[in-house]
Structures are given as structure tokens and as C-alpha cells.
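Report on one structure; see the data block that follows.
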Amino acid sequence: METGDNVMIGGFVVGAGLGVGESGTARVLVRAIAPSLTDAGLTDVLADPVLELHDATGALLATNDNWADTQREAIQATGLAPTNAAESALVVTLPKGAYTAIIRGKGGATGIALVEVYKLP
């Protein structure tokens, strides 16, 4: 991952394939993982990923820097909390539509990162 416009972009669609319920929404966990990737032998990982969630119009819906700073209990309750305090995560309920998760390095840092999206019960 680089800086400026050279960021990690992960797109996903909330729809029938993601198990949208009768409410027309889905509860998801979006994670930006990087420092813990060293446990898998990766080097040059992003030290502090910042996660942004955007809707199909590009509007910023939510952002997170360090996962435990906001939504700690909700994220821990998923059983999928990041293992490193510098990683980012969001629990959100989203209506049907297209979304983009953008991962940036805090302070313009660069490195390897992983974006994940999980449908929650």
C-alpha cells in the first residue's frame, strides 16, 4: 500500500448473496488487518491502518483508527476482534447496496494490509 490515491480499496455488495434479512439490511464487520500479519511471516506490513467505509455515492459512512477506541464491546462480541490494538474494525448495519472499504496508512505510512468483510448474525 502506498499513499495519496494509492490506497487499498475493497468493494463489497450487500444483497441477496450476503444474506440480507427481511429488514433489507445486513449487519457486517469490516476489518483492516496489518500488524498481526507478521504472525503469518509477512514483512513490510502497515504499522497502523486506518479504515474508512464509503457508500456507492462515495459518502463517508464511518471511520476507525484503532479498533478498541470505538465499538470495543460490539467488535469483541463478534468473536472476530483484531489481535493488534493498532488494527481497525467497524460493526455496521447496512441496507442493500454497494460499499467500499478504504485502508490508509496513518500519517502516510506504507505497507501490506488486508481488508476483510464478515456478515454477522
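Once all Cα-Cα distances of the stretch 8-119 are split into 10 Å bins that start at 0, what whole-number percent is in each one?
Here the calculated profile for the stretch 8-119 is 15, 46, 31, 7, 0.
If packing is taken as the mean number of other Cβ atoms within 10 Å per residue, what is the order of 44-51, 96-103, 58-65, highest first? Don't skip to the answer; put the middle values down first.
On the way: 44-51: 20.6, 96-103: 17.0, 58-65: 13.2.
For the peptides 44-51, 96-103, 58-65, the packing ranking is 44-51, 96-103, 58-65.
Check Ala26: other-chain or 5+ apart residues with amide H under 5 Å from its amide H, H built from backbone geometry?
Residues meeting the criterion, in which the H sits 1.01 Å from N, are Leu94.
Rounded to the nearest 0.05, what FRET efficiency is calculated for Ser36 and Leu120 with R0 set to 25 Å and r the Cβ-Cβ distance?
For Ser36 and Leu120, the calculated efficiency is 0.75.
Any chance you could run the full-extension gain for Ala47 through Ala68? It's 0.36 nm times the residue separation minus the Cα-Cα distance, nm to one decimal.
6.0 nm
Measuring from label point to label point, each 7 Å out along Cα→Cβ, what is the Ala77 to Ile9 span in nm?
Roughly 3.4 nm, to one decimal.
Throughout, read-outs are computed from the coordinates displayed, never taken from laboratory work. Keep in mind that this is a model prediction, so the values were computed, not measured. Backbone-built Cβ (ideal geometry, glycine too); neighbour counts: all protein chains shown.
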